[in-house]
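The values are calculated or read from the model by the stated rules, or taken from the named source; none is laboratory data. The model shown is predicted, which means the values in this text are computed figures rather than measured ones. All Cβ positions, even for glycine, are placed from backbone atoms using ideal geometry, and neighbour counts span all protein chains on display. When the accessible area is computed, the model is the full protein with side chains, heavy atoms only, and any ligands, DNA or RNA have been set aside. Shrake-Rupley method; radii C 1.70, N 1.55, O 1.52, S 1.80 Å.
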Amino acid sequence: MFKIIEKEELNKDITLIKIEAPLIAKSAKAGQFVVVIVDENGERLPLTLADWDINRGLITLIFQKTGFSTNKLGRLNTGDNLAHILGPLGHPTEIKKMGEVYCMAGGVGIAEVYPVARAFKEAGNRIIGIIGSRNKHLLILEKEMRGVCDELFITTDDGSYERKGLVLDVLKDLFEVIEKSTHTQYPALVYCIGPIVMMKAVADFTKGYQVKTIASLNPIMVDATGMCGACRCKVGGKTVFGCVDGPDFDAHEIDFDELTQRLKTFKEQEGKL
Amino acid sequence: MGMNKKLFKNFFEVALGFSKADAEKEAARCLQCKSAPCVKGCPVGIEIPAFIKLIKEGKQKEALEKIKERNNLPAICGRVCPQEDQCEAACVLNNKKIPINIGALERYAAEAILKMGTVPKKRGQSPFLSPFLQHREKIAVVGSGPAGLTCAADLAKLGFKVTLFESLHTPGGVLVYGIPEFRLPKKIVQSEVEYIKGLGVDIKVDTLIGNTFTIEELFQDGFKAVFIAAGAGLPQFLGIEGENLPGVYSANEFLTRVNLMKAYKFPEYATPLNIGTRVAVIGGGNVALDCARVALRLGSKVSLIYRRSENEMPGRIKEIEHAKKEGVKFNTLTQPIKIIANRKGLVSGLECIRMKLGKPDASGRKRPLPIKDTNFILEADTVIVAVGQNPNPLLPKMTKGLKTNNDGTIKVGHNLMTSLQGVFAGGDIISGADTVISAMGAGKKAALAIEKYIKDKNGK
């Protein structure tokens with residue numbers, strides 16, 4: 001059993017929980033995820049690690065209550081137990097000193113980009129954060145992101161906070177400035193995590209500039225240890241498994257349309273829950 | 001032996017066991033041959049005539065104890081072992097009439113544990129555990145499928161302190177995620193797992209060795225040897241167009257959703273399964289037959305597509321017969337070449353080509369060859385790919401110095417030791433996908449090899 005030690009509603013959609021899982025906390029690295037089973041009848045739900053604390057033996061999960069299992073998870077309180085957690089899973093994000101790294105995220109993806117941005121910062125990179133949400137109330141981890149970014153840009157779809165628009169608009173502007181400038185350079189890496197439409201749009205845009213871009217994928221999974229193949233995606237024309245070959249992939253090579261299609265597999269069933 | 005009357009309507013066990021009278025009558029047919037060819041046919045060397053004699057004498061519990069000397073999982077083996085290729089194939093009665101139904105007798109003996117409650121209630125208090133052997137060294141077993149369970153049980157019987165690590169949330173490996181309820185009820189697996197816990201084995205689920213912690217960390221933690229039995233979990237695909245469409249499942253995904261996650265009880269259980277009215281299962285092995293029969297029970301019309309003829313099918317004859325009786329349509333000498341989508345991007349059919357058999361290939365089976373211009377479309381809205389599994393690459397990838405062969409299997413010496421000192425491996429992770437019993441054989445062999453390794457190291 002895995003006990004919830006802390007819980008915080010970040011806003012009406014997104015919840016943060018800290019759970020006792022000392023073995024996972026000890027091995028966790030930026031970019032990795034866990035599989036959670038809320039109760040014994042539950043499904044295996046993959047969630048990216050938002051943070052971990054080796055000393056206290058805790059892991060932090062931040063999730064959006066979009067479906068049956070995330071809603072069930074959201075109803076648990078401090079002191080309640082989760083039936084099962086497996087992890088850390090997937091390859092950690094490849095962290096090294098590269099120069100400048102753009103860390104882009106939308107919605108709950110901000111929770112997932114945060115440990116990655118922090119790890120790149122600790123490795124000596126200059127971090128430009130570009131994060132967005134639908135409106136001011138749904139924006140999460142602004143303070144934490146400010147703490148690890150050299151510059152942070154924020155967008156909201158409705159303009160209720162900072163810049164109105166999409167994270168891609170900021171990226172386009174930044175690239176335009178670089179294009180005209182004589183002394184600034186394109187980033188060594190763009191790292192993005194969020195809705196597929198956002199990652200696809202970022203990948204399509206950076207491809208034109210040949211700027212290395214990594215996207216972190218969250219396909220459908222069951223075991224998440226390479227056994228079922230539910231998470232298979234096409235990258236560079238080859239079928240790979242999101243769980244064990246990823247979750248990070250070269251965004252310019254990902255077949256986002258196929259991934260979008262595969263994510264719809266259980267739409268009808270999920271509606272019944 | 002009776003059969004479940006409401007076949008393929010539910011997930012109840014299909015093949016029913018012997019009654020006491022039937023078992024004793026069948027046991028009485030055994031000639032009690034001195035040479036006992038059946039024992040040589042058994043990968044774990046059960047003293048078959050001896051346990052059959054005990055059944056004949058009405059001593060069901062003693063028969064079980066006799067089997068348990070060699071086999072830790074008789075209730076499972078009695079059901080899923082291919083006896084027709086092993087002990088029963090070797091039975092001398094094959095020459096005259098029909099061989100002894102050894103599998104059903106083993107299963108009958110195993111029922112004793114359920115009836116008589118010989119499952120030890122407390123850890124380490126098993127009637128099968130010798131109190132004299134107490135080596136006390138800590139040994140780690142990775143993977144709780146048939147190889148891991150067997151090795152853990154044998155090591156515990158030898159007095160070792162065994163911890164069994166499982167990445168899934170339920171122990172049993174392929175016995176729980178792969179083999180369906182109607183062929184191997186999960187309560188049977190659970191009772192065998194309880195027996196193994198009773199021997200003192202500590203089972204830790206939700207632990208992925210390589211990720212949660214490494215083999216190196218196991219040694220740092222005081223384990224003196226490690227047995228890797230991570231299985232052949234990586235599903236193979238055909239590499240044909242349309243294979244990544246929604247509605248195409250690997251056999252592992254389909255079976256795991258239904259067997260382990262109980263998607264057939266959705267929404268009581270939260271794991272969904274989207275299955276159409278027409279299901280095509282590709283493959284001819286036991287896994288393909290399991291998928292077909294599961295799909296049938298979920299209310300679909302099922303076609304099994306196999307590129308050779310029925311004679312070459314690797315599945316057990318009994319399972320092929322069950323599948324046919326239940327209504328699975330066999331499309332043999334048929335090769336799928338493309339999965340077709342409708343306008344919504346969902347599976348609508350399978351383009352296939354007819355095959356004929358040519359000369360035998362490297363596997364000894366006749367090579368299937370396509371017949372030109374025989375393409376046709378088989379309508380289907382769900383496709384299940386059951387064409388084999390490769391060894392799970394995760395642990396070798398995460399373990400420095402652990403050498404593998406080109407096919408992904410872990411390299412081992414004759415004593416099952418890998419390229420790493422004190423690290424042993426067995427089961428499907430060294431052989432590729434094989435039977436439950438051969439994995440158990442490897443588990444037994446590894447337990448003895450580990451005992452010898454520890455003794456040699458201790459200089460005894």
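Scanning for something open to solvent by less than 40 Å² (accessible area, probe 1.4 Å) and farther than 27 Å from residue B:434 by Cα, does segment B:303-316 turn up at least one residue? Steps first, answer last, please.
First, pick out the residues of segment B:303-316 that are open to solvent by less than 40 Å² (accessible area, probe 1.4 Å): B:303-306, B:308-309, B:312-313, B:315-316.
From what's left, farther than 27 Å from residue B:434 by Cα: none.
So far as segment B:303-316 goes, no, none of its residues is open to solvent by less than 40 Å² (accessible area, probe 1.4 Å) and farther than 27 Å from residue B:434 by Cα.
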message = Restricting to segment B:264-292, give me the number of residues that are without any contact (Cβ under 8 Å) to a residue 40 or more places away in the chain, open to solvent by less than 10 Å² (accessible area, probe 1.4 Å) and within 14 Å of chain A (Cβ to nearest Cβ).
response = 3
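Looking at segment B:23-36, which of its residues are surrounded by 14 or more Cβ atoms within 10 Å (Cβ to Cβ) and under 13 Å from residue B:58 (Cβ atoms)?
Of segment B:23-36, the ones surrounded by 14 or more Cβ atoms within 10 Å (Cβ to Cβ) are B:23-24, B:26-27, B:29-30, B:33, B:36.
Residues satisfying the conditions are B:23, B:24, B:27.
Restricting to segment B:194-221, name every residue that is part of a helix (DSSP H, G or I) and either more than 11 Å from chain A (Cβ to nearest Cβ) or closer than 15 Å to residue B:166 by Cβ (or both).
Restricting attention to segment B:194-221, the residues satisfying the condition of being part of a helix (DSSP H, G or I) are B:194-198, B:215-220.
Residues satisfying the conditions are B:194, B:195, B:196, B:197, B:198, B:215, B:216, B:218, B:219, B:220.
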ask   = Scanning segment B:419-460 for residues that are out of contact with any helix residue (DSSP H, G or I) (no Cβ under 9 Å at 6 or more places or on another chain) and touching a residue at least 60 places away in the same chain (Cβ under 8 Å), which turns out nearest to residue B:230 (Cα to Cα)?
value = B:432
query = Tell me, which helices (runs of 4 or more DSSP H) lie completely within segment A:224-273 with 2 or more residues that are in contact (Cβ under 8 Å) with a residue 12 or more places away in the chain and more than 7 Å from every other protein chain (Cβ to nearest Cβ)?
reply = A:242-245, A:256-263
query = Within segment A:17-51, which residues are open to solvent by less than 30 Å² (accessible area, probe 1.4 Å), free of Cβ contacts under 8 Å to residues at least 60 places away in the same chain and more than 13 Å from residue B:212 (Cβ to Cβ)?
reply = A:17, A:36, A:37, A:38, A:42, A:45, A:47
query = Which of the residues that make up segment B:313-324 are in a helix (DSSP H, G or I) and touching a residue at least 12 places away in the same chain (Cβ under 8 Å)?
reply = B:317, B:318, B:319, B:320, B:322, B:323
task = Select from segment A:68-99 the residues that are closer than 28 Å to residue A:136 by Cβ and away from every other protein chain (no Cβ under 14 Å) and list them in ascending order.
result = A:74, A:76, A:77, A:78
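Being touching a strand residue (DSSP E or B) at 6+ places or on another chain (Cβ under 6 Å), outside any helix (DSSP H, G or I) and among the aromatic types (Phe, Trp, Tyr) is the requirement here; does residue A:161 meet it? Outline the logic, then answer.
Values: touching a strand residue (DSSP E or B) at 6+ places or on another chain (Cβ under 6 Å): no; outside any helix (DSSP H, G or I): yes; among the aromatic types (Phe, Trp, Tyr): yes.
No, not satisfied.
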Qualifying residue in segment A:182-201 (condition: surrounded by 18 or more Cβ atoms within 10 Å (Cβ to Cβ) and free of Cβ contacts under 8 Å to residues at least 24 places away in the same chain) = no
